[in-house]
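Worksheet for the structure shown next.
The values are calculated or read from the model by the stated rules, or taken from the named source; none is laboratory data. Note that the structure is predicted; figures quoted are calculated from it, not measured. Neighbour counts are summed over all protein chains in view; Cβ atoms, including those assigned to glycine, are modelled from backbone coordinates with ideal geometry.
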C-alpha cells in the first residue's frame, strides 16, 4: 500500500519538512499530537523532538524513559538527553508502535527543530515528487525491524 504525504523544500536544500495530514500524529496517553518533522538522515535515531514541543506537551512525564545521558559544556551547564518510547505514531494510514523518541532537558535547550531520523527513514521506500510537493511512501522490508 502506498501512502501520499505532503512535503515542501526548505530553502532549496535537501531537507524536506514532513507535514502530517489531519489524520496522523503522535499518540501519547491516548491523545493525538499533530507535529511536523524535518527528514534528517544525519540523525541516526528515530524521532528527536524540538524543545518547544517537548516542554509544551510535558514529554518527560508522559513517555517511558529508557535512557538518559548527561553532557556538560565548559561552563558546567548540563545538556540532558532522554530517550523514550512513543507508544504509537501514525503516518497517513500507516501505524508504528514503540517508536524511539528523544528530547533534551537541562540548562541548555537549543533543539529548534524536530527530526525524523535515519532509523525511521529506512523503514520506508520513498519517492519524492518535488513539483507536486508530495512524497509517496510504503513500508520497506525493515518496517517492523527492532529499534
**OP:** Report yes if residue 29 is surrounded by fewer than 17 Cβ atoms within 10 Å (Cβ to Cβ) and modelled with pLDDT of 90 or more, otherwise no.
**Re:** no
Original post:
Out of the stretch 107-127, which residues are more than 18 Å from the chain's Cα centre (by Cα) and crowded, with 16+ Cβ neighbours inside 10 Å?
Top reply: 108
Original post:
Could you count how many residues in the stretch 80-93 are more than 14 Å from the chain's Cα centre (by Cα) and touching a residue at least 40 places away in the same chain (Cβ under 8 Å)?
Top reply: 2
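Could you say whether any residue in the stretch 68-79 is closer than 24 Å to residue 29 by Cα, surrounded by fewer than 16 Cβ atoms within 10 Å (Cβ to Cβ) and more than 17 Å from the chain's Cα centre (by Cα)?
Initially, the stretch 68-79 is screened for residues closer than 24 Å to residue 29 by Cα, giving 68.
Now narrow it down to the ones that are surrounded by fewer than 16 Cβ atoms within 10 Å (Cβ to Cβ): 68.
So of that shortlist, the ones also more than 17 Å from the chain's Cα centre (by Cα) come out as 68.
Within the stretch 68-79, one or more residues are closer than 24 Å to residue 29 by Cα, surrounded by fewer than 16 Cβ atoms within 10 Å (Cβ to Cβ) and more than 17 Å from the chain's Cα centre (by Cα).
Please determine whether any residue of the stretch 101-114 is in a strand (DSSP E or B), under 18 Å from residue 34 (Cα atoms), touching a residue at least 40 places away in the same chain (Cβ under 8 Å) and touching a helix residue (DSSP H, G or I) at 6+ places or on another chain (Cβ under 7 Å). Write out each step before concluding.
Filtering the stretch 101-114 for residues in a strand (DSSP E or B) gives 101-106.
Then drop every residue that is not under 18 Å from residue 34 (Cα atoms), which leaves 101-103.
If we keep only those that are touching a residue at least 40 places away in the same chain (Cβ under 8 Å) too, we end up with 101-103.
If we keep only those that are touching a helix residue (DSSP H, G or I) at 6+ places or on another chain (Cβ under 7 Å) as well, we get 103.
Among the residues of the stretch 101-114, at least one is in a strand (DSSP E or B), under 18 Å from residue 34 (Cα atoms), touching a residue at least 40 places away in the same chain (Cβ under 8 Å) and touching a helix residue (DSSP H, G or I) at 6+ places or on another chain (Cβ under 7 Å), which makes the answer yes.
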